[in-house]
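Asks: Got a structure for you, written out below as structure tokens; questions coming shortly.
Only the coordinates and a few stated rules stand behind these numbers; no lab work does. It should be emphasised that the depicted structure is a prediction, and the values quoted were computed from it without experimental measurement. All Cβ positions, even for glycine, are placed from backbone atoms using ideal geometry, and neighbour counts span all protein chains on display.
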Amino acid sequence: MIITVTLNPALDKTIEIDEFKIGSVNRIVSTRVDVGGKGINVSKVIKELKNKSLALGFLGGNSGNRIKEYLNDSNIKNDFLSVKGETRTNLKVIDNVNNTHTDINENGPSVTMEDIINIKEKIIEHCRSESLVILSGSVPSGASSSIYAEIIKDIKNKGGKVILDADGDMLMQGIKAGPYIVKPNVEELEKAFGVSIDNEEKVIEISKKILDYGVKYVVISQGGDGSIFISRDKIAKVKGLKVEVKSTVGAGDSMVAALAVAIENNYSFEETMKLACATSAANVMTEGTQTGKLTDIEELKKQVTIKYL
């Protein structure tokens with residue numbers, strides 16, 4: 001079973017403004033609101049890929065209720081913990097004239113130590129030896145940067161696997177706990193290891209260090225340039241696909257969802273790379289945080305090129 005964990009979910013409000021100007025009055029061209037948060041985005045894509053997941057995490061207030069209703073209406077199984085405060089709303093400003101994308105994110109509600117203990121217990125309660133758990137995104141105020149590392153250790157003790165998609169100290173501490181897959185981008189690698197990365201050789205060099213912690217696969221997303229997949233015996237570069245970009249929000253989450261589906265269904269290394277690349281590319285073809293369409297994913301898979309390094 002695939003379990004997604006979203007400790008700091010959100011409503012994602014995307015507005016389009018032509019020639020967005022700071023310090024001036026701007027006229028909105030269009031607005032849309034999507035249910036979001038990285039783990040929830042992963043669950044949405046897993047559903048589009050005709051697989052099932054269980055979504056866990058924290059929800060609060062009217063925004064939390066709206067997210068819960070969406071998941072129920074979408075037949076995405078969920079078991080969130082209710083917390084005090086209001087689940088955050090994140091604002092995405094898209095300027096199609098200047099080709100810019102600006103994120104303005106709220107912090108979200110603060111959680112208590114009791115909340116943290118309860119969510120850890122809930123995750124482990126649902127976890128089985130065959131479970132694949134996805135830990136992704138930011139955490140709310142009140143949660144330690146070691147929370148993902150602690151959860152990874154608990155899941156591994158039950159025989160489960162973890163895909164980690166985090167940032168900063170949470171990423172580094174999580175890596176040291178030895179998840180099954182780590183999916184950073186280049187900027188996240190730089191922050192985690194405190195280095196500057198200016199070429200692909202450096203990306204590979206730093207990524208190989210992650211394997212030393214017991215991680216089985218490292219997947220580095222490089223935006224439009226594609227991605228690099230690394231295991232102990234294979235290094236492969238997947239070239240980015242040329243598609244019309246409407247929104248890059250959730251592209252990394254789509255890749256994580258594809259990785260989870262591939263593992264759940266025992267795909268080969270090559271099949272996994274093709275699905276991950278195509279699913280991520282299909283995502284950027286949609287507005288807001290909508291998922292890519294399965295028909296587009298299937299077509300894009302045929303265009304994926306892989307080069308073993």
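Asks: Check THR248, THR279 and return the single one that is within 15 Å of the chain's Cα centre (by Cα), touching a residue at least 24 places away in the same chain (Cβ under 8 Å) and part of a loop (DSSP other than H, G, I, E, B).
Replies: On the way: THR279 fails: part of a loop (DSSP other than H, G, I, E, B).
Being within 15 Å of the chain's Cα centre (by Cα), touching a residue at least 24 places away in the same chain (Cβ under 8 Å) and part of a loop (DSSP other than H, G, I, E, B) holds for just one of THR248, THR279, which is THR248.
Asks: Then there's this: Within segment 143-195, restricting attention to residues that are closer than 22 Å to SER227 by Cβ and of a type in the set (D, E, K, R), which residue is surrounded by the most Cβ atoms within 10 Å (Cβ to Cβ)?
Replies: ASP165
Asks: Something else now. Please enumerate the residues belonging to segment 20-79 that are surrounded by fewer than 16 Cβ atoms within 10 Å (Cβ to Cβ) and touching a Phe, Trp or Tyr at 6+ places or on another chain (Cβ under 7 Å).
Replies: ASN26
Asks: Please list, ordered by first then second residue, the pairs with beta carbon atoms under 9 Å, 6 or more apart or interchain, first in segment 23-36 and closer than 13 Å to GLN290 by Cβ, second among the hydroxyl-bearing types (Ser, Thr, Tyr) and assigned to a strand (DSSP E or B).
Replies: Short answer, once both residue conditions are applied: ARG32/THR14; VAL33/THR14; VAL33/THR89; ASP34/THR14; GLY36/THR6.
Asks: Related question: Can you find, within segment 88-116, the residue that is farthest from VAL249 (Cα to Cα) among those that are in contact with a helix residue (DSSP H, G or I) (Cβ under 9 Å, 6 or more places away or on another chain) and not β-branched (Val, Ile, Thr)?
Replies: Looking at the filtered set, the residue picked out is PRO109.
Asks: Let me ask something additional. Just checking, does segment 193-213 include any residue being within 18 Å of the chain's Cα centre (by Cα) and either in contact (Cβ under 8 Å) with a residue 60 or more places away in the chain or not in a helix (DSSP H, G or I) (or both)?
Replies: Kept after step one, since they are within 18 Å of the chain's Cα centre (by Cα), are these residues of segment 193-213: none.
No, because not a single residue in segment 193-213 is within 18 Å of the chain's Cα centre (by Cα) and either in contact (Cβ under 8 Å) with a residue 60 or more places away in the chain or not in a helix (DSSP H, G or I) (or both).
Asks: Take VAL261 and tell me if it is out of contact with any Cys (no Cβ under 7 Å at 6 or more places or on another chain), part of a loop (DSSP other than H, G, I, E, B) and of a type in the set (A, V, I, L, M, F, W, C). Outline the logic, then answer.
Replies: Working: out of contact with any Cys (no Cβ under 7 Å at 6 or more places or on another chain): yes; part of a loop (DSSP other than H, G, I, E, B): no; of a type in the set (A, V, I, L, M, F, W, C): yes.
When the stated conditions are applied, VAL261 does not pass them.
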